Amino acid sequence: MSRKHPTLIRDIVLIIAVLMAGVVLLFVLRGRNKEGSYVVVMFQNEEKARYSLALDGVYDINDGKNVIEILDGKVRMHDADCPDRYCVRQGWIEYDGQSIICLPNMITVMVSGGDRTVDFVL
Amino acid sequence: MHLKCRRAVTAVLLFLLLMLVSCSRKTPQAAVRSEVFYSYFDTVSEISSYAGDSEEAFRKNAASVSALLEHWHRMLDIYHEYDGMNNLCTVNMRAGGEPVPVDRDLIDFVLYAKDMCTLTSGEMDISLGAVLRLWHEARNAEASYLPSDEQLSDAYRHVGFDRLEIDTQACTLRLSDPLASMDPGALGKGYAAEEAAQMLISEGITGYVINLGGNIRCIGTKADGSPWITGIRDPENPEKLAVTLKISDCSCVTSGGYERFFSVNGVRYAHIIDKDTLYPAVGFSSVSVVCKDSALADTLSTALFCMSYEDGLSLVSSLDDVQALWILDDGSLRYTKGFGLAILKT
């Protein structure tokens, strides 16, 4: 080590270690977004049930009249007894704030709790 | 390194690390309050407040919006009549008969619709009812079918605002042609949303959003001054977003064939009928319009969906403060300059 910078190597190692820790933390925290998310089922304006988006499965949310499926962090209306089945045709949703509506049965299935990216989806 | 210097560098680095960790992508602030309605305009509607107002104030505003939406839902309903009022269903049913006395605001609606028909050269036309009825029946039959060309051209002979007698003095409406009918579907939601917004604005309310079946009308900005972030679906992959954009104090409406459609022999048909072909419109996957007035946005998104890109762009350019996005069938995007400025991500 030089006389002017007695701890040069140690300083460089410290700087690199701090920067690397920052990068690692950034990636870890980014991954946290989806894990916090869940699916909220509402009947009219009341919350009926809540499911974690992390737990894959097929769930009856309305006495057999509406069934949702959660897979890979997304949810869709798997089946419904309504006449037009628009809710089923809407397919998968995954973004915080997105929702699927079964109008005749007055059921709303909404993604919530995660890192919201949009207020509305058209 | 000098000890003080090293400490300073460490402090700065740790500070930067902290910033890196806490400064994630700016996340939209969730609505403080919201209420959903299922009974209006055959779709789901939602009123939300980002104004930070009290529960009591919000519920009162939500109740007035609900009452107003119910009023317009009934006025513009062409499938049911309601006690104590003459609505569009009444006017349609008495076509060829006596003039029907109606409320002043229905007269205003029809006059506005007539202006919009002229503005869009007939691409948004509430007098298209006779043709739209054929498609409504075809779509909703046990097994969907396509109306015949003969049926469609016959029906088209009973279209046109010249058949609608609007008496602004006596406050009556009369269809002179017994086979003509009105269908306000292309304009109703936007018009009602704007009426609701104007009511809130006249009471000094800001920071609210009315979402009438995907017809967004936001008032002002959120309480912290930030805009709302809207995502427009990629029609080919509806679970993905084609575009996200910032909006404030304006309306955003999208017309597309990817939500309400029907199929015949494996071919998908949109629900928007093009008056030039009398068939469901083709050419775009979706069209989105951003402008202040919701009724205008609804009108234009329907019209643009049925027009060529060049004609649509020409129309939009001729109007003040109207922005639009076209998503073509091949997935490519075209948008006006102002729309581009509002885009966050494509």
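Output the residue which, of all residues in the stretch B:327-340 that are within 17 Å of B:LYS246 (Cα to Cα) and open to solvent by less than 20 Å² (accessible area, probe 1.4 Å), is nearest to the chain's Cα centre (by Cα).
Among those that are within 17 Å of B:LYS246 (Cα to Cα) and open to solvent by less than 20 Å² (accessible area, probe 1.4 Å), it is B:PHE339.
Out of the residues in the stretch B:47-67 that are aliphatic (A, V, I, L, M) and open to solvent by 30 Å² or more (accessible area, probe 1.4 Å), state the one that is farthest from B:GLY207 (Cα to Cα). Quick ask: steps written out before the conclusion?
Kept after step one, since they are aliphatic (A, V, I, L, M), are these residues of the stretch B:47-67: B:47, B:51, B:57, B:62-63, B:65, B:67.
Filter again for open to solvent by 30 Å² or more (accessible area, probe 1.4 Å), leaving B:51, B:57, B:63, B:67.
Details: B:ALA51: 5, B:ALA57: 13, B:ALA63: 17, B:ALA67: 20 Å.
This residue is B:ALA67.
Select from the stretch A:25-39 the residues that are within 12 Å of another protein chain (Cβ to nearest Cβ) and either open to solvent by 90 Å² or more (accessible area, probe 1.4 Å) or at pLDDT 75 or above (or both) and list them in ascending order.
Scanning the stretch A:25-39 gives A:PHE27, A:VAL28, A:ARG30, A:ARG32.
Do we have B:GLY331 as more than 16 Å from B:GLY122 (Cα to Cα) and of a type outside the set (D, E, K, R) here?
Working: more than 16 Å from B:GLY122 (Cα to Cα): yes; of a type outside the set (D, E, K, R): yes.
It is true that B:GLY331 is more than 16 Å from B:GLY122 (Cα to Cα) and of a type outside the set (D, E, K, R).
Is at least one residue of the stretch B:296-314 in a strand (DSSP E or B), among the polar types (S, T, N, Q) and in contact (Cβ under 8 Å) with a residue 24 or more places away in the chain? Give the derivation first.
Our first condition is that a residue be in a strand (DSSP E or B); within the stretch B:296-314, this holds for none.
Looking for residues that are in a strand (DSSP E or B), among the polar types (S, T, N, Q) and in contact (Cβ under 8 Å) with a residue 24 or more places away in the chain, one finds none in the stretch B:296-314, hence no.
Only one residue in B:ALA186, B:ALA192, B:ALA138 is in contact with a helix residue (DSSP H, G or I) (Cβ under 7 Å, 6 or more places away or on another chain) and open to solvent by less than 20 Å² (accessible area, probe 1.4 Å), so which one is that? Give the derivation first.
Numbers: B:ALA186 fails: open to solvent by less than 20 Å² (accessible area, probe 1.4 Å); B:ALA138 fails: in contact with a helix residue (DSSP H, G or I) (Cβ under 7 Å, 6 or more places away or on another chain).
After applying the criteria, what remains is B:ALA192.
With B:LEU173, B:LEU128, B:LEU146 as the choices, which residue is surrounded by 16 or more Cβ atoms within 10 Å (Cβ to Cβ), in a helix (DSSP H, G or I) and modelled with pLDDT of 95 or more?
Values: B:LEU173 fails: in a helix (DSSP H, G or I); B:LEU146 fails: in a helix (DSSP H, G or I).
Going through B:LEU173, B:LEU128, B:LEU146 in turn, the sole match is B:LEU128.
Residue check: is B:GLY220 of a type in the set (Gly, Ala, Ser), in contact (Cβ under 8 Å) with a residue 24 or more places away in the chain and at the interface with chain A (Cβ under 10 Å from one of its Cβ atoms)?
Values: of a type in the set (Gly, Ala, Ser): yes; in contact (Cβ under 8 Å) with a residue 24 or more places away in the chain: yes; at the interface with chain A (Cβ under 10 Å from one of its Cβ atoms): no.
Here the answer is no, as B:GLY220 does not meet what is asked.
Of everything in the stretch B:242-271, what is away from chain A (no Cβ under 13 Å), of a type in the set (Val, Ile, Thr) and open to solvent by 20 Å² or more (accessible area, probe 1.4 Å)? Give them in sequence order. Show your work before the answer.
Initial filter on the stretch B:242-271 (away from chain A (no Cβ under 13 Å)): B:249, B:264-267, B:269-270.
Subsequent filtering for residues that are of a type in the set (Val, Ile, Thr) retains B:264, B:267.
Result: B:VAL267, single match.
Just give me the residues in the stretch B:57-88 being among the hydroxyl-bearing types (Ser, Thr, Tyr) and farther than 22 Å from B:PRO101 by Cα, in sequence order. Give the derivation first.
Going residue by residue through the stretch B:57-88, those that are among the hydroxyl-bearing types (Ser, Thr, Tyr) are B:64, B:66, B:79, B:82.
B:SER64, B:SER66, listed by residue number.
On the given criteria, is B:GLU239 surrounded by fewer than 23 Cβ atoms within 10 Å (Cβ to Cβ), within 14 Å of chain A (Cβ to nearest Cβ), among the acidic types (Asp, Glu) and not in a strand (DSSP E or B)? Break it down into steps so the answer makes sense when it comes.
Numbers: surrounded by fewer than 23 Cβ atoms within 10 Å (Cβ to Cβ): yes; within 14 Å of chain A (Cβ to nearest Cβ): yes; among the acidic types (Asp, Glu): yes; not in a strand (DSSP E or B): no.
Against the criterion (surrounded by fewer than 23 Cβ atoms within 10 Å (Cβ to Cβ), within 14 Å of chain A (Cβ to nearest Cβ), among the acidic types (Asp, Glu) and not in a strand (DSSP E or B)), B:GLU239 does not qualify.
Only one of (1) free of Cβ contacts under 8 Å to residues at least 40 places away in the same chain; (2) assigned to a helix (DSSP H, G or I); (3) not aromatic (Phe, Trp, Tyr) fails for B:SER64. Which number is that?
Unmet for B:SER64, out of (1) free of Cβ contacts under 8 Å to residues at least 40 places away in the same chain; (2) assigned to a helix (DSSP H, G or I); (3) not aromatic (Phe, Trp, Tyr): (1).
What residue, among those in the stretch A:70-100 that are more than 9 Å from every other protein chain (Cβ to nearest Cβ) and assigned to a strand (DSSP E or B), is surrounded by the fewest Cβ atoms within 10 Å (Cβ to Cβ)?
My answer is A:LEU71.
Which members of the stretch B:19-47 meet the condition of being more than 7 Å from chain A (Cβ to nearest Cβ), modelled with pLDDT of 70 or more and outside any loop (DSSP other than H, G, I, E, B)?
Residues satisfying the conditions are B:ARG33, B:SER34, B:PHE37, B:SER45, B:GLU46, B:ILE47.
B:SER285 - would you say it is open to solvent by 10 Å² or more (accessible area, probe 1.4 Å), away from chain A (no Cβ under 12 Å) and farther than 23 Å from B:LYS114 by Cβ? Give the derivation first.
Working: open to solvent by 10 Å² or more (accessible area, probe 1.4 Å): yes; away from chain A (no Cβ under 12 Å): yes; farther than 23 Å from B:LYS114 by Cβ: yes.
The answer is yes for B:SER285.
The values are calculated or read from the model by the stated rules, or taken from the named source; none is laboratory data. Keep in mind that this is a model prediction, so the values were computed, not measured. A quick note on method: Cβ atoms are made from the backbone with ideal geometry, for glycine too, and the neighbour counts reach across all protein chains shown. For accessibility, only protein heavy atoms count, side chains too; no ligands or nucleic acids. Shrake-Rupley method; radii C 1.70, N 1.55, O 1.52, S 1.80 Å.
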